[in-house]
Amino acid sequence: MTDEEYMRIAINEAIKGTGYTSPNPLVGAVIVKDGKILNKDYHHKYGEFHAERNAILNCKEDMQGADIYVTLEPCCHYGKTPPCTDIIIESGIKRVFIGSADPNPLVAGKGAEKLRSNGIEVIEGVLKDECDKINDVFFHYITHKTPFVAMKYAMTADGKIATRTGASQWITGETARENVHKSRLKYSGIMVGIGTVLKDDPMLTCRITGGRNPIRIICDSKLRTPFESNIVKTAGEVPTIIATVSEDKELIEKYTDKNITVIQTSDDNGHVDLNELMIKLGEMKIDGILLEGGGELNFSALKAGIVNKIECYIAPKIFGGTEAKSPVGGIGVDVPDEAFVFEKPDVSFFDDDILLEWRLK
């Protein structure tokens, strides 16, 4: 097998930790000796051992002179667990293949340098783009200290998210909707506007067996979230945040009494200041957000510059209607040159539905 093939196995290991390592990265490791895989493992959960340590500690064979393939540069500092560089050095491994460099200032090249200074050969950049891709949330968060935001919506082939009557269930098929729940598992938070709460009374939970619910974030400038809504009724079971510009202390207390965290931001033309909200959510260690807002919130998020990625599901249906809503509302841009531009498309198929993913250019 080639170095790339071993690293791809490590990537497949890494993604097994999706939804459980936040705000740590996804990391996989594969130990190889004389063309034989001795062991492979991954970072299972935040606060627990990292991939390299798991792979080495659980390896039952002699690792002297072996290679290890790791999707992310091994850490060299004490955090919740000891440095991975130390156990690699102690194991007798002689070559380390690295996919992504770690942008964390506590590591950032220091891990690779420590290995080299201890006589271990280090080869960097193996399947770098693929390794980077699985940690786009971590890389953004560790660099900016604000959540990575993916704006998700489902639309018809003519760009509608609902009919002219407002009916929207369902645009995509069951397989595509199941994949949305995988996204809800991936991101530590899910955000909608008050309009979605009033219209759909959603739960905003992850319906994957054994999955973890994202933290629910409701942008509700005037505190109109109904106390009989699913969001409020289940706030004791699912962590819930309401972001508002309201200063009504009595009303705020009614929500906090229901186990809801209320975040107040500056008033941005009558709306929540989204940039200020991102800073406060980042301080709460919310590293990634799936934005499932309606057209108004989507435009506000784009205008505020907080959107890093688009997840656009397209169904083979046409609704038509000049009054039928599109994914992004608001006032829009005046000329094409003012468009919000994304790049690097990925295409996936879910039966007859298509998922297009773009990154911010």
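The values are calculated or read from the model by the stated rules, or taken from the named source; none is laboratory data. No experiment lies behind these values; they were computed from the predicted model shown. Please note: Cβ atoms are built from the backbone with ideal geometry, for glycine as well, and neighbour counts cover all protein chains shown. The area values use the complete protein model at the heavy-atom level, side chains included, leaving out ligands, DNA and RNA. Shrake-Rupley method; radii C 1.70, N 1.55, O 1.52, S 1.80 Å.
Per-structure values
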quantity	calculated
Which listed residue, of GLY189, GLY159, is more than 23 Å from the chain's Cα centre (by Cα) and open to solvent by less than 30 Å² (accessible area, probe 1.4 Å)	GLY159
Failed criterion for MET151 (all others in (1) more than 21 Å from ASN308 (Cα to Cα); (2) assigned to a strand (DSSP E or B) hold)	(1)
Top-ranked residue in region 22-39 [being in a strand (DSSP E or B) and in contact with an Asp or Glu (Cβ under 6 Å, 6 or more places away or on another chain); ranked as surrounded by the fewest Cβ atoms within 10 Å (Cβ to Cβ)]	LEU38
Residue satisfying all of: in region 90-102; surrounded by fewer than 18 Cβ atoms within 10 Å (Cβ to Cβ) and of a type outside the set (Gly, Ala, Ser); nearest to the chain's Cα centre (by Cα) among these	ARG95
Residue list for region 307-347, filter: touching a helix residue (DSSP H, G or I) at 6+ places or on another chain (Cβ under 8 Å) and among the hydroxyl-bearing types (Ser, Thr, Tyr)	TYR313, SER326
Subset of region 143-179 that is in contact (Cβ under 8 Å) with a residue 40 or more places away in the chain, out of contact with any strand residue (DSSP E or B) (no Cβ under 6 Å at 6 or more places or on another chain) and of a type in the set (Val, Ile, Thr) - its residue that is farthest from GLY293 (Cα to Cα)	THR143
Any hit, region 60-71, residues being crowded, with 19+ Cβ neighbours inside 10 Å and more than 20 Å from VAL122 (Cα to Cα)	no
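Yes/no matrix, rows are residues, columns are (1) among the polar types (S, T, N, Q); (2) closer than 29 Å to ASP132 by Cβ:
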site	(1), (2)
SER266	yes, no
GLY320	no, no
VAL333	no, no
ILE354	no, yes
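Listed here are the residues, each with its yes/no results for (1) within 25 Å of ILE279 (Cβ to Cβ); (2) open to solvent by less than 30 Å² (accessible area, probe 1.4 Å).
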{"residue": "ALA112", "(1), (2)": "no, yes"}
{"residue": "LEU115", "(1), (2)": "no, yes"}
{"residue": "ASN118", "(1), (2)": "no, no"}
{"residue": "GLU121", "(1), (2)": "no, no"}
{"residue": "CYS131", "(1), (2)": "no, yes"}
{"residue": "ASP136", "(1), (2)": "yes, yes"}
{"residue": "TYR141", "(1), (2)": "yes, yes"}
{"residue": "PRO147", "(1), (2)": "yes, yes"}
